[in-house]
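Undergrad: Starting off with a structure, shown below.
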Amino acid sequence: HARPPATFIALHGTHSSLLLECPPHEAPLWRYWGPRLPDSAAAPALRATRALPSFMLDFDQPLTVLPSFGVGWFGQSALLAHRNGQDFAQAITACEIEWLTPGQSLVLHLNDAVAQLRIDLRLSLDPASDVLTLQTGITNLGAGALDVQWLAAATLPLPGQATQVRSYAGQHNHEFMLQTDTLSRSLWRRENRRGRTSHDCFPGAVVTTPGSTEHSGLVFGAHLAWSGNHQQSIEWLHDGQYQWQLGEWLAPGEGLLQPGEHLLTPEVVASCSMQGLNGLAANFHRELRARLNWPGGTMRPRPVHLNTWEAFYFDLEPTDVMALASAAAEVGIERFVLDDGWFQGRHNDRAGLGDWWTDTGKFPDGLAPLASHVNALGMEFGLWVEPEMVNPDSDLFRAHPDWALQIAGRALITGRHQLVLNIAHPPAADYLFEKLSALLHSLPIRYLKWDHNRDLTTAALAGGVGTAGYRVQVLAVYALLARLREAHPGVEIESCSGGGGRIDFAMLRHTHRVWGSDCIDALSRVDIQRGFGQFFPPEILGSHIGTAPAHTTGRSQSLAFRAAVAMTGHLGVELDVRLLSATMREQLGAWIGRYKAWREQIHHGQVWRGEGADSLVWQAHGDPEANNILLFVFRTAPSSHRYTPPLQLPMLDARARYRVQQLVAMDGDGALQSPAPFFSELLASGVDMDGAWLAQTGLPMPRATAETCFIVRLQRIEP
Ligand code: GLA
């Protein structure tokens, strides 16, 4: 081929690089995404290295940044679109490169002169986090409407040695259930059409290579920052590598673009690491921390919550609520959050959503006396809302039945007895803004728990339009949140969705905490929080100390275990503190005190997770150099060994020595740690140990009853 030579685009992070090859008149070819290459890295032009196989097209078509159907690509297409049946096949005819930040961030302007459309693909590699951000826009340059059925937000290459994909399934009360699939020549695909991020299908996954572990080896991860419908697929390609596409799942008609119109996909954040799952998690945590938009610019120490839900459910009675606030303040609570049940007509989950003013039957003087009481006790006041929803039994629905998402001629389908408001309808959004603003103006509310407790169905835009409204609904909630935050910049917001049904990087542009799960059984939470931690840092994870037995599982655990599990996130208490014995209240206060002493460490720096033998699951928090580590080892089941094997801590520096100290005795409240001299010393004064020994052989593990936590500090003493 007498074609002009290709140019290359390289982006380099600290530990990763990507390389694109840009032959003229086509979309750039994906050449590499993986561990850091030298700055000077170059490759021979791809086609020059590949002889044509038999019975193939005469022009070789490798994976590009926009593989597209109909002009020689036979794999999954990054774009599926047509214009009234025409222009169903797309191919890029020109590519213009626009650098935003040289070497770090660029936009590829890709034109298809035949199908008359333009694709703008933004790619940035952040050298600090090694996180690659990709986002794709499409513009209809033709005369007729272009129906876009699928547009990948990103297409990523994965090397042939990719073997397994770790994604997350789940349901209410059981989020982040790890699902491991083996990649093969069959297509791997996950989809979600519930109209929210979902409990069932987290929009992202991790791909591992042989020999990779939590601590080492090459792994890849990607996440679609989007709170609505989504899909992702990984497909084997004939050159032995894989392509990974992630994007929004568009309902029919949602991608219909009139001439000149534009559609922008959500962002994909992706990263690879040679440090295994923990290295990858550290990259995502760094990236999310840089994106979080805190009131005042920086994160304050995460205040201990008391949430009223499991203490009272809907039965709010002012004297009781105030008494709980007083008891909460005594154990060290810093933020008192009044959950569901406070607003007009809300006596159970069948009525009230939409009527966002105080139920004066329950609170004859409104919420001001309670909020003042809470403030006088030195706590912040927070309030639960579920703005996107409406109960048919509400003044709002009676006044505006047409504001609910619905399809003319079809029954209204309720979920938890509620419907979803069409908040893309400006009067509905204005109503919510005004109602919420009025609350935020009239009460000293520093915190909103923003819930969303059902999936979307019959999500058509009302008012005669009748077209699918999933996508605009998500954009409208972002807009409403942004508008409220602008008007009330001091307020923090938690994203809740029947527990963890709306946890993603896009929601976290507007919010500051997520409610990980309605299940606060500490044993269940060990698993849930572990999955969560692959993408999200601990300081944004709402995690509460509940009662024993746990309301959602009926299982009972010691206060120590419940507290240890909960304090590895953003700690809260969700029980009626008044009902605890004086001793238990004192112990709860002591655990809250420990959280306050340790939260700076837990909420900054790096997290390492792993599994030991004999049912041990651990998590450690510390600086990336591992100078000072706070280690939590959870025993999730009774020991099945006469001697529990020591726990290897691979993140420690093999050349250093550490002072190791057990911070809390494990005895009491049903828990038992069997005595041994090493552990007496560990608890009393600490023991000095070699990093190499701790990494290779391991830290001796106590013999203890199940559902206990061994908490240890490891501090570098030399060199
Ligand atoms: C959802 C939340 C709970 C609680 C209830 C209130 O289920 O996840 O924490 O706020 O709603 O109805």
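The values are calculated or read from the model by the stated rules, or taken from the named source; none is laboratory data. As the structure is a prediction and not an experimental result, all values here were calculated from the model. Heads up, the Cβs are rebuilt from the backbone with ideal geometry, glycines too, and the neighbour counts pull from every protein chain shown. Accessible surface is based on the protein model in full, side chains and every heavy atom, while ligands, DNA and RNA are left aside. Shrake-Rupley method; radii C 1.70, N 1.55, O 1.52, S 1.80 Å.
Undergrad: Looking at (1) over 25 Å from V207 (Cβ atoms); (2) assigned to a loop (DSSP other than H, G, I, E, B); (3) open to solvent by 60 Å² or more (accessible area, probe 1.4 Å), which is the one condition that is false for Q61?
TA: (1)
Undergrad: Continuing with this model, one more query. Return yes when L218 is over 21 Å from the mean Cα position of the chain (by Cα), surrounded by 22 or more Cβ atoms within 10 Å (Cβ to Cβ) and either within 30 Å of L649 (Cα to Cα) or without any contact (Cβ under 8 Å) to a residue 24 or more places away in the chain (or both) and no when it is not.
TA: In short, yes.
Undergrad: Moving on. So which residues in the range 512-529 are of a type outside the set (V, I, T) and touching a strand residue (DSSP E or B) at 6+ places or on another chain (Cβ under 6 Å), if there are any at all?
TA: H512, R513, W515, G516, S517 - these are the residues of the range 512-529 that are of a type outside the set (V, I, T) and touching a strand residue (DSSP E or B) at 6+ places or on another chain (Cβ under 6 Å).
Undergrad: Given (1) within 16 Å of the ligand (Cβ to nearest atom); (2) assigned to a loop (DSSP other than H, G, I, E, B), identify the lone condition not met by R300.
TA: (1)
Undergrad: Could you check the range 143-178 and list, in sequence order, the residues that are farther than 30 Å from L256 by Cα, of a type outside the set (A, V, I, L, M, F, W, C) and crowded, with 23+ Cβ neighbours inside 10 Å?
TA: Passing the criteria: Y168, E175.
Undergrad: Exactly one condition in (1) within 16 Å of the ligand (Cβ to nearest atom); (2) part of a strand (DSSP E or B) is not met by L316; state its number.
TA: Only one criterion is unmet by L316, namely (2).
Undergrad: Is it the case that some residue within the range 338-355 is away from the ligand (no atom under 16 Å from the Cβ) and acidic (D, E)?
TA: no
Undergrad: Further, regarding this structure: Here are some conditions: (1) closer than 27 Å to S216 by Cα; (2) β-branched (V, I, T); (3) assigned by TED's automatic domain parsing to the domain that holds V573. V268 meets all but one. Which one does it not meet?
TA: For V268, the exception is condition (3).
Undergrad: Could I ask something else about it? Are there any pairs with C-beta distances below 7 angstrom linking a residue in the range 502-519 that is among the β-branched types (V, I, T) to a residue that is open to solvent by 10 Å² or more (accessible area, probe 1.4 Å) and at pLDDT 95 or above, with the two at least 6 apart or on different chains, and if so which?
TA: none
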